[in-house]
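Each reported figure results from applying straightforward, stated rules to the coordinates on display, with no laboratory input. Keep in mind the model is a prediction, meaning the values are calculated, not measured. No Cβ is skipped: glycine too gets one built from the backbone with ideal geometry, and neighbour counts run over all protein chains shown.
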Amino acid sequence: MHEHADPKHGVFLGGWGDLGCTTPQRGIVTYSLSPNRQRPFAGAAHAAIFNTFRRFRHQVLYVAPPFIVAYAAMNWAIERNEYLNSKAGRLAEGTEE
């Protein structure tokens, strides 16, 4: 290891993971829990309800207006088709078979 002078401390300690300590550290105990022992679905039902509502609330103005316009256009087209194929519609348009 090349020791370069650090302006503040005088000696370069090393990069991440290699801090220049020659002796192993003692007295540091680390505990961890295996991922398969944790509760993977803790709060999943609660988060699903509120996350679904939040996502719906943010997307409804992008999705609903095109569906409303498409429904109105389709409803108008069906009613117009039924009118034109009725007896009154044929007489109003002046076309007969």
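List of remarks:
- Once both labels are positioned 7 Å from their Cα atoms along Cα-to-Cβ, the gap between ARG54 and ALA42 label points is 1.9 nm.
- When the alpha carbon coordinates of the stretch 22-97 are projected onto the principal axes, the ranges are 103, 27, 21 Å, largest first.
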